[in-house]
Amino acid sequence: MTENKISYTHTNTYTTLNSFTTSTKNVWLVFHGMGYLTKYFIKHFEGLDKEENYIIAPQAPSKYYQDKRFKYVGASWLTKENTVLEKENILRYIDAVWKIESKKWEEQDIKLILMGYSQGVSIVTRWASSRYIDCKHLLLHSGAIPHELTPSDFEYLSPITTVTYLYGDKDEYINEARKTEQQLKGTALFGERLFIEVFDGVHEVHEAFINRIQ
């Protein structure tokens, strides 16, 4: 048996919330966790000021049925199968979204906020570090930082960039060992830029913190 590889053109969607105008102050590029579709994930940002915040949510390309009734559809960014190949496909897709959207603020001073939730943490850190995307705030929410990233990957970040690792104290996916591992990894990568925020809750998007940092 031989596994072969082929290249072809692929089309994907992404979702935006609010309109980008001269009143926009914050642009959010947000990456959902496993099981989400962006049309549902982006609802977590509806509490933000609509005049000042513009949200862009890329969509993970791999869809699947989440239940045996084939009713609910979810999506996943990566699996352990062909991870390197799939990662490059995803990064090129995000590049395409970025190329279109970033034109909107070429002549406007905005604050860029990058956020990854759960599985989205691995995507936002890999994309930002490989494309040297600077930002005002990097929010890593309830997910794991990829093991292959090193401090040199983030040396390009501005000294004023804030990095927050946010998780719930009752998160069923984050045990004590994982907490320690991620805090050590985060400190090694970001140093004094890193802030740890813990909220009272489970593995869920913490909208109160999102609304606070706008």
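Taken over the range 23-35, the criterion of being more than 19 Å from Trp98 (Cα to Cα) and touching a residue at least 60 places away in the same chain (Cβ under 8 Å) is satisfied by Gly33, Met34. Filtered by the rule that a residue be in contact with a Pro (Cβ under 9 Å, 6 or more places away or on another chain) and among the small types (Gly, Ala, Ser), the range 148-194 gives Ala188, Gly191.
Residues in the range 59-95 that are closer than 20 Å to Thr9 by Cα and among the basic types (Lys, Arg) were compared, and the one that is modelled with the highest pLDDT is Arg92.
Look at Ile145 and say whether it is under 17 Å from the mean Cα position of the chain (by Cα) and farther than 22 Å from Gly47 by Cβ. Criteria met by Ile145. Please find, within the range 21-80, the residue that is least open to solvent (accessible area, probe 1.4 Å) out of those that are β-branched (Val, Ile, Thr) and in a loop (DSSP other than H, G, I, E, B). Among residues in the range 21-80 that are β-branched (Val, Ile, Thr) and in a loop (DSSP other than H, G, I, E, B), the one least open to solvent (accessible area, probe 1.4 Å) is Thr24.
Taking the range 185-214 as the range and being over 14 Å from Gly143 (Cα atoms) and among the hydrophobic types (A, V, I, L, M, F, W, C) as the test, the residues that pass are Ala188, Leu189, Phe190, Leu194, Phe195, Phe199, Ala208, Phe209, Ile210, Ile213.
Within the range 81-93, being open to solvent by less than 60 Å² (accessible area, probe 1.4 Å) and charged (D, E, K, R) holds for one residue alone: Lys87. Inspect the range 97-113 for any residue being within 11 Å of the chain's Cα centre (by Cα) and modelled with pLDDT of 95 or more and give the result as yes or no. Yes, the range 97-113 contains a residue that is within 11 Å of the chain's Cα centre (by Cα) and modelled with pLDDT of 95 or more.
The values are calculated or read from the model by the stated rules, or taken from the named source; none is laboratory data. Since the model is a prediction, treat every value here as computed from it, not as a measurement. Because the Cβ atoms are built from the backbone with ideal geometry, glycine has one as well, and the counts that use them run over all protein chains shown. These area figures cover heavy atoms from the full protein model, side chains too; ligands, DNA and RNA do not enter into them. Shrake-Rupley method; radii C 1.70, N 1.55, O 1.52, S 1.80 Å.
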